[in-house]
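Input: a single structure, listed below in structure tokens.
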Amino acid sequence: MRVKYKQWAVDYLKDNKVNQFNLLEDNEDLTKFILSKKTYVEIGPGKGEFILSLASKFRDLNFIVIELNKTIAGICLKKIDESKLENVKLVAGDFYLFAKQIPASSIEGIFLNFSDPWPKRKHENRRLTSERFLLNYAYILKENGKIFQKTDNKDFFEYSLKMYERLNWKQTEVNLEYNELVYFDSETEYEHKFKSLGNTIYRVVEAKQESTKILEKEHEIRNLL
């Protein structure tokens, strides 16, 4: 879903640095944050309601949101700042650059909430469950680290299930009519809207296992950029 450009949000992102990591700078602080507690990543946080709800509920965990769109990132960062929570940070940039800069096998889990399905075949590499992304997820996730995915797009969901199976992820949960939230979850803005419209919500949890296909060398991440 397209978001209208908002200059105030872009300016806010530029002027407020306390709760964000700049991938173009030295990221010793990013590594320290990740290693200080079990850390979860959300790719595409929307306005941030999902991650802030989890961060408030689970203060013994750390959370990082990754967003490339500067307007969305600015809106989300403002909400993070206003929350006063110390266990959630924002990365306004590209996921692959993030994956390149953090330690291998350091992330506990990844949330993919209502990601753009990119239905055209020529855009497959942009899907967040394409082989390109899954290889990188496997590189940064700990053993038995999990992907938590929710979507209302049946075709994208079925595509994702096929990709997980192809790359040897282990399915630990699947729900074809996800109406009641599990304990370690929160409702997103889009999820609330879709439920009110009567849309079916699909959810799956996939775990990295010993046989999961993974990038063999760190430099391969660079080759995908």
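Points to keep in mind about this one:
- Residue that is surrounded by the fewest Cβ atoms within 10 Å (Cβ to Cβ), among those in segment 1-54 that are among the β-branched types (Val, Ile, Thr) and closer than 27 Å to residue 151 by Cβ: 3
- Qualifying positions in segment 84-99 - of a type outside the set (Lys, Arg), closer than 16 Å to residue 49 by Cα and surrounded by fewer than 16 Cβ atoms within 10 Å (Cβ to Cβ): 86
- Annotation: residue 91 fulfils all but one of (1) in contact with a helix residue (DSSP H, G or I) (Cβ under 8 Å, 6 or more places away or on another chain); (2) farther than 18 Å from residue 27 by Cβ; the unmet one is (2).
- Members of segment 55-69 that are buried (at least 20 other Cβ atoms within 10 Å of the Cβ) and closer than 14 Å to residue 6 by Cβ: 67
- Close pairs from segment 14-30: first within 19 Å of residue 96 (Cβ to Cβ), partner among the small types (Gly, Ala, Ser) and assigned to a loop (DSSP other than H, G, I, E, B), Cβ under 9 Å, at least 6 apart: 20/92; 21/92; 21/93; 22/92; 22/93; 23/92; 23/93; 24/93
Yes or no, residue by residue, for (1) modelled with pLDDT of 95 or more; (2) in a helix (DSSP H, G or I); (3) farther than 15 Å from residue 128 by Cα:
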{"position": "195", "(1), (2), (3)": "no, yes, yes"}
{"position": "204", "(1), (2), (3)": "yes, no, no"}
{"position": "215", "(1), (2), (3)": "no, no, yes"}
{"position": "221", "(1), (2), (3)": "no, yes, yes"}
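- Pairs, first touching a residue at least 60 places away in the same chain (Cβ under 8 Å) in segment 142-156, second among the polar types (S, T, N, Q) and outside any strand (DSSP E or B), C-beta under 6 Å, six or more apart: 142/105
- Inspection of segment 55-70 finds no residue satisfying the criterion of being over 23 Å from residue 26 (Cβ atoms) and either assigned to a strand (DSSP E or B) or under 12 Å from the mean Cα position of the chain (by Cα) (or both).
- Tally, over segment 155-206, of residues that are polar (S, T, N, Q), within 23 Å of residue 53 (Cα to Cα) and out of contact with any Lys or Arg (no Cβ under 7 Å at 6 or more places or on another chain): 6
- Counted residues, segment 61-119 - those being within 22 Å of residue 205 (Cα to Cα) and small (Gly, Ala, Ser): 6
- Entry remark, segment 107-139: residues being exposed (fewer than 15 other Cβ atoms within 10 Å of the Cβ) and either touching an Asp or Glu at 6+ places or on another chain (Cβ under 6 Å) or of a type in the set (S, T, N, Q) (or both) number 1 in total.
The values are calculated or read from the model by the stated rules, or taken from the named source; none is laboratory data. Just so it is clear, the structure is predicted and the values come from calculations on it, not from any experiment. In this analysis, Cβ positions are derived from the backbone assuming ideal geometry, glycine residues included, and neighbour counts consider all displayed protein chains.
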